Each structure stands twice: as structure tokens, then as C-alpha cells.
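Note sheet for the following structure.
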Amino acid sequence: MRILYHHRTRADDAQGIHIAALCGALRELGHQVDIVALVRQTRVRAGPEPDAVEPGREGASLFGLPVPAWFYELLALAYNIPGFFMLTASVLRRRPDLIYERYALFTLCGRWVARLFALPFVLEVNAPLSLELSRHGGLAFAGLARRLETWLLSSSTRTVVVSQAMADLFVRQGVPAGNLVVMHNGVDADRFNPQVDGHVVRARLGLEDSCVVGFVGWMRPWHGVQQLIDAVAQLRPVCPGLRLLLVGGGPAVPGLREQVARLGMEHAVVFTGPLRAADVPAHVAAMDVVVQPDVTDYASPIKLFEYLAVGRAVLAPAKPNILEIVTDGQTALTFPAGDQAALTAALKRLYGDPALRTRLGAAGAALIDQRGYRWRCNARRVIDLVPPSPGAASA
């Protein structure tokens with residue numbers, strides 16, 4: 001198939017990983033993919049979350065000056081004009097069989113162009129942005145955003161969402177259930193697999209004789225890393241070999257460093273800062289226990305699939321969207337979300353039971369294969385949503 005992939009993101013974080021991975025998988029399957037975007041993909045930082053607030057809303061600025069929410073939202077609406085002409089030109093030039101779009105708030109031009117040329121339009125939604133931005137960033141035109149979001153998801157050929165929890169949320173919002181397809185995120189198995197060696201990283205960071213607990217991500221306050229630090233601090237007197245490896249950067253890091261210093265934990269916690277994406281697998285492999293301390297209720301965190309694929313014991317909150325992926329005691333160990341005592345107890349259990357860590361890690365890696373949590377499998381599913389229809393672009 002000939003596919004136009006349209007997005008309106010900076011594409012320099014985990015969103016960029018997702019975009020590049022899916023487009024690469026589609027190309028590996030023999031499809032032609034042309035990307036239409038205002039911003040070219042740049043360096044991808046290690047660890048940011050795909051469920052983060054929409055790019056541009058955290059400290060939105062124009063020429064270095066902060067802008068109010070209403071102005072940003074007007075700019076997002078205004079994008080539809082150049083976006084419409086960019087997409088129209090691309091359709092006339094490339095004659096695609098499908099327009100695939102990564103959802104961004106107030107972006108309607110992809111649907112307009114698909115309707116104009118009678119093309120299938122598949123929309124990928126990684127977060128319910130009208131809800132998320134209302135909670136985190138504030139929306140000046142919240143009612144309009146919600147109505148447009150509901151219309152867009154309802155009028156697409158199919159709308160791909162990354163969790164059943166998100167699908168349920170959109171059904172309550174008014175989107176027909178039959179228009180929604182749940183497709184969890186995936187992993188690049190060539191980079192993340194049980195054969196990845198973490199010994200060099202452990203040696204370089206002085207972690208050879210430790211039980212290493214780790215987190216990989218672009219750290220924000222709501223990711224719960226502070227609770228993970230508290231758990232390690234509580235366990236150090238009874239688990240002297242326990243060390244914490246935090247991989248990534250983010251706005252929460254200064255506060256986390258202060259917390260570590262206040263607890264006198266500098267010798268037990270290693271901050272790597274942001275890494276090149278190519279360096280992340282070996283750092284995951286250097287860990288004995290990998291932790292997802294918290295997660296938004298509808299996300300499909302890429303880090304969870306990377307943790308599982310490398311074959312490390314996963315510790316995660318028992319939220320419905322996480323339990324869509326893993327089973328407590330079989331492919332991961334889970335704890336009640338927000339329960340500090342339960343997180344600490346689960347971590348202590350994993351520290352004291354190497355056989356459990358090994359069993360969970362092996363089962364998690366097998367799960368990736370069993371359920372096809374790979375980008376190439378996702379690419380096949382996308383194509384299956386819309387059978388090829390040569391000549392549709394000429395309509």
C-alpha cells in the first residue's frame with residue numbers, strides 16, 4: 001500500500017520512537033510510507049512517555065515568550081489550513097491508498113482531505129487529549145475540543161487506541177464502540193530482547209554485586225519515581241545490596257536528586273541523565289527488577305513492553321490498563337496503585353527471591369512473542385484494518 005502518515009508533533013521524544021517504529025515496520029512489510037508533518041523528526045531522547053501531555057503545552061511559547069492556552073489553541077486550529085494544503089499536495093503527488101494520522105488536538109485536516117479524495121482514514125490516538133489537557137494544562141475551549149475529538153474519532157474509517165481502558169473512556173464520551181480498535185504499543189525485538197547484555201553497564205556504574213532496581217523514563221512528578229526512592233530508602237537497612245538505577249531526564253529530576261540527598265541515599269542511587277535511544281536496552285538489561293511506579297489510567301507505556309522484552313522482572317501498579325498486558329504473579333508482580341507499603345513489600349519480596357525474578361522475567365519475554373507485542377505485528381494489524389484499494393486516490 002501507499003500510505004501518507006500525518007502527524008503534528010515535535011517527534012523528538014517517545015512519540016518520535018512510536019512514529020519511527022511504526023513507519024519502519026510498515027516499510028519492512030513492503031509498503032510505501034510518506035510522512036507529512038510541519039516538524040522534521042530530530043534526536044529522540046531516551047525514556048519520555050507516549051502518554052504525556054500534548055507537545056507544546058508544557059511551557060508553550062512563541063519566540064521564547066509564554067503564550068496563554070487560548071492563543072495556543074487558536075494556533076492549533078489555524079494549522080488545519082496549511083495542513084489541508086500540504087496533505088492535498090501530497091495526495092495529488094503520491095496517490096496514496098490510505099491516510100494514517102497520529103491524533104493531535106484540534107487537527108481536522110487529515111479527515112477533510114481523506115473525505116475529499118474518498119480515501120480510508122485511520123486515526124491513531126495515544127491519549128484522550130481533551131481530558132488530559134483539561135486535567136494538566138487547562139483548556140480555554142474545552143467544550144469545543146471535546147466535541148471535535150468525539151466527531152473525529154467517530155468519523156474515521158477506524159480509530160486505533162492503545163488500551164481497552166481508553167476505548168471504554170471514548171465510548172462513554174460518545175464514540176461508537178465499533179469504530180474503535182484496541183492496539184497496544186509494541187517493542188523493537190531486534191533491540192530489546194533477552195540476549196541484550198547489561199554487564200558492561202553494571203561494571204561501568206559500579207553495580208556488579210548489587211540487586212539493581214531500575215526505572216527508565218522521562219521523569220515527571222506523576223510518574224511516581226519519588227515513591228520508588230522512598231521504597232528503596234526504607235528497604236536499605238534490611239536489603240543492603242539494593243541499588244536504584246534511574247535512566248532518563250525530565251522536569252522531576254532536580255526534586256528527585258534533592259529527595260535522594262535528604263534521605264542520605266547518594267551512594268545507593270544512580271542517575272544517568274538522558275541517554276541515546278541506542279543505549280537504553282543495555283541499561284534495562286543491567287537491572288534485576290524494572291519498575292513502573294505509576295501510570296495514567298488509559299496509557300500503554302512503551303517502557304513496559306521494553307522491560308518485558310528484555311526479560312527482567314516487572315513490578316507495576318495493578319491498574320486495569322496494566323492488567324490488560326500482564327498477570328500478577330505470572331508475567332509481573334503488581335501492587336495496588338498508590339499504595340506505598342505494598343510497593344515496598346513487593347520490592348522486598350523480589351529482592352529476596354532471585355528465582356521469582358528469573359521466572360517472571362522469562363514469562364514476560366515469552367509474553368511479547370505470544371501476543372505479538374511488536375511493531376511489525378502492529379503494522380500488519382493496521383494494514384488489515386483497510387484492505388488495499390488501488391486507484392482510490394484518483395476518485
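Computed values, structure above
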{"quantity": "Spin-label model distance (nm) - residue 173 vs residue 362, 7 Å beyond Cα toward Cβ", "calculated": "4.3 nm"}
{"quantity": "Percent carbon-and-sulfur accessible area, the chain, ignoring ligands, DNA and RNA, probe 1.4 Å", "calculated": "56 percent"}
{"quantity": "Estimated 222 nm signal from helices in the chain, with DSSP H stretches of n ≥ 4 weighted -39500 (n - 2.57), rounded to 500", "calculated": "-12500 deg cm²/dmol"}
{"quantity": "Charge dipole magnitude, Cβ of K and R +1, D and E -1 - the chain, Cα centre, debye nearest 20", "calculated": "740 debye"}
{"quantity": "Signed unit charges on C-beta, dipole axis of the chain, positive-most listed residue 186, 134, 385", "calculated": "385"}
{"quantity": "Unit charges on C-beta of K, R, D, E only; dipole of region 333-373, Debye", "calculated": "80 debye"}
{"quantity": "Peptides 206-218, 141-153 ordered by average Cβ neighbours within 10 Å, highest first", "calculated": "206-218, 141-153"}
{"quantity": "Between 0 and 90°, nearest 10: helix 340-352 axis offset from the chain longest Cα axis", "calculated": "60 degrees"}
{"quantity": "Angle between the chain longest axis and helix 80-94 axis [Cα atoms, degrees, rounded to 10]", "calculated": "80 degrees"}
{"quantity": "Cα→Cβ-extended label distance, 7 Å offset, between residue 328 and residue 182, nm", "calculated": "1.8 nm"}
{"quantity": "Residue 75-residue 195 pseudo-label distance in nm [points 7 Å out on the Cα-to-Cβ vector]", "calculated": "4.6 nm"}
{"quantity": "Cα gyration tensor shape of region 198-338, rounded if a/c is under 1.5, else prolate or oblate by comparing a/b with b/c", "calculated": "rounded"}
{"quantity": "Contact order normalised by residue count of region 104-243, Cα under 8 Å, 6+ apart, percent", "calculated": "18 percent"}
{"quantity": "DSSP beta bridge pairing in the chain, given as percent antiparallel to the nearest 5", "calculated": "10 percent"}
{"quantity": "Alpha-carbon centroid distance for the pair region 118-141 / region 162-232, whole angstrom", "calculated": "21 Å"}
{"quantity": "Tilt relative to the chain, helix 14-28 - C-alpha long axis, 0 to 90 degrees, to 10", "calculated": "70 degrees"}
{"quantity": "Stretch gain in nm, segment residue 89-residue 112, where the contour uses 0.36 nm per residue and the Cα spacing is subtracted", "calculated": "6.9 nm"}
{"quantity": "FRET E, pair residue 157, residue 267, Förster distance 51 Å, beta-carbon r, rounded to 0.05", "calculated": "0.35"}
{"quantity": "Hydrodynamic radius by Kirkwood, which averages 1/r over all alpha carbon pairs of the chain, in angstrom", "calculated": "21.9 Å"}
{"quantity": "Computed magnitude of the charge dipole of region 303-395 (debye, nearest 20; Cβ of K, R +1, Cβ of D, E -1)", "calculated": "200 debye"}
{"quantity": "Probe 1.4 Å, protein heavy atoms only - accessible area per residue of the chain in square angstrom", "calculated": "39 Å²"}
{"quantity": "Those residues of region 163-192 whose amide nitrogen sits under 17 Å from the label point placed on residue 380, 7 Å along Cα→Cβ", "calculated": "183-190"}
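The values are calculated or read from the model by the stated rules, or taken from the named source; none is laboratory data. Only a predicted model underlies this, so the values are computations on that prediction, with no experimental measurement involved. Positions of Cβ are generated from backbone atoms using ideal geometry, with glycine treated the same way; all protein chains shown enter the neighbour counts. Remember, those area values only see protein heavy atoms, side chains included, never the ligands or the DNA or RNA. Shrake-Rupley method; radii C 1.70, N 1.55, O 1.52, S 1.80 Å.
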